[in-house]
């Protein structure tokens, strides 16, 4: 990399690393894995920079690279399944007990644990990263209608699993 390229790459990382890291942390449930994946994501993004057409938001494109990086790593590792299973068990135990929640597992983590990987990714893109339905569709190669359905289904699953009542009817 030339000095100019290195500076541009540094700026890319500086501007977007918190979004990418938070996205990957919520997907993986593992901070150190997420940090490693974020580094991989930025390297992949740098290599694929010419594929960014300028249409749609840059962060949407970058999260697509992050999501792909996550999926590739998941295929290589059983660790993800173990982390998710563990989060699911903790969520299950805590939803049955009245004990104070574990500091390590937030309510959001418990909610996300009941979702499929696809639902989790889309919910995080929507609510944690603030992407529009169109940007999520671009990042996941899904039609906007499908994105809306997945979000609706994910919210229903969370409500059903945690017996969250609709404020108007509950």
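The values are calculated or read from the model by the stated rules, or taken from the named source; none is laboratory data. Keep in mind that what you see is a predicted model, and the values were worked out from it rather than measured. Cβ coordinates were reconstructed from backbone atoms using ideal geometry, including for glycine residues, and neighbour counts include every protein chain displayed.
Data overview
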quantity	calculated
Among the residues listed as 170, 145, 154, the single one being modelled with pLDDT of 80 or more, more than 23 Å from residue 22 (Cβ to Cβ) and either exposed (fewer than 15 other Cβ atoms within 10 Å of the Cβ) or in contact with a helix residue (DSSP H, G or I) (Cβ under 7 Å, 6 or more places away or on another chain) (or both)	145
Those residues of region 129-142 which are within 14 Å of the chain's Cα centre (by Cα) and surrounded by fewer than 16 Cβ atoms within 10 Å (Cβ to Cβ), in sequence order	130
Residue count, region 101-125 (criterion: at pLDDT below 85, under 17 Å from residue 162 (Cβ atoms) and either in contact with a helix residue (DSSP H, G or I) (Cβ under 8 Å, 6 or more places away or on another chain) or outside any helix (DSSP H, G or I) (or both))	10
Filtered residues of region 11-32 (kept if touching a residue at least 40 places away in the same chain (Cβ under 8 Å) and more than 25 Å from residue 114 (Cα to Cα))	16
